[in-house]
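Data first, discussion second: the structure below is written as structure tokens.
The values are calculated or read from the model by the stated rules, or taken from the named source; none is laboratory data. What you see is a predicted model, and the numbers here were worked out from it, not measured in a lab. Cβ placement follows ideal geometry from the backbone for every residue including glycine, while neighbour counts extend to all protein chains displayed. With ligands, DNA and RNA removed, areas are computed over all heavy atoms of the protein, side chains included. Shrake-Rupley method; radii C 1.70, N 1.55, O 1.52, S 1.80 Å.
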Amino acid sequence: ESGRMDNLGRVVPPKDPVSDQEQKRVALGYLQEAWAEAELDGVDRDCLAQASLFLTFAELVGTYGEEAAAEFASRLAARIKNGEFTLDRPHQ
């Protein structure tokens, strides 16, 4: 592939494949920005969380099917209890 054209008509070389971990980091940054913007617009954090979960599970069901999404969801309780989603955990 020779690349693509940018907005100024220049040829931009193709990007190297990005690792799954890097894509997740970038995606999280986008979501944090969107979340902050919604809060600035007055959207309640609880509403944001519930809407985010709904959209997340709808996407998982659409991509992997109901059975796989349900299996993923069944493992969430243990991951939450293990602190996997705790952002402000004290460092020891």
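Here the dipole of the chain is about 320 debye; that uses its Cα centre as origin and unit charges on the Cβ of Lys and Arg (positive) and Asp and Glu (negative). Name all residues of the stretch 48-92 having a backbone nitrogen under 18 Å from the label point set 7 Å from the Cα of Ala36 along its Cα→Cβ direction, giving them as ranges. Once the point is set 7 Å along Cα→Cβ of Ala36, 48-49, 87-88 turn out to lie under 18 Å by backbone N, inside the stretch 48-92.
Protein heavy-atom accessible surface, 1.4 Å probe, per residue over the stretch 1-70: 90 Å².
Work out the charge dipole of the stretch 1-71 with +1 on the Cβ of Lys and Arg and -1 on the Cβ of Asp and Glu about the Cα centre, then indicate which of Leu48, Gln32, Val11 is farthest towards its positive end. Of the options given, the answer is Val11. Each residue of the stretch 52-62 is assigned a 3J(HN,Hα), and the resulting list reads 5, 5, 4, 5, 4, 6, 4, 5, 4, 5, x Hz, derived from the Karplus form 6.51 cos²θ - 1.76 cosθ + 1.60 (θ = phi - 60°), x at Gly and Pro. For the stretch 1-78, the list of GluC sites (Glu not before Pro) that fall in a loop by DSSP and count at most 13 other C-beta atoms within 10 angstrom reads Glu1.
The residue list Ala73, Gln21, Gly62 was ranked by how far each Cα lies along the charge dipole of the chain toward its positive end, using unit charges on Cβ atoms, and Gln21 comes out on top.
Using the Cα gyration tensor of the chain, with a ≥ b ≥ c the square roots of its eigenvalues, what is the shape: rounded (a/c below 1.5), prolate (a/b larger than b/c) or oblate (neither)? Note, shape of the chain comes out prolate. The apolar share of the surface of the chain, taken as the fraction of accessible area on carbon and sulfur atoms (1.4 Å probe, ligands and nucleic acids excluded), comes to 57 percent.
Full extension of the segment from Val12 to Leu53, taken as 0.36 nm per residue of separation minus the current Cα-Cα distance, would add 11.1 nm.
Computed over the chain, relative contact order equals 9 percent, with contacts defined as Cα pairs under 8 Å that lie 6+ residues apart.
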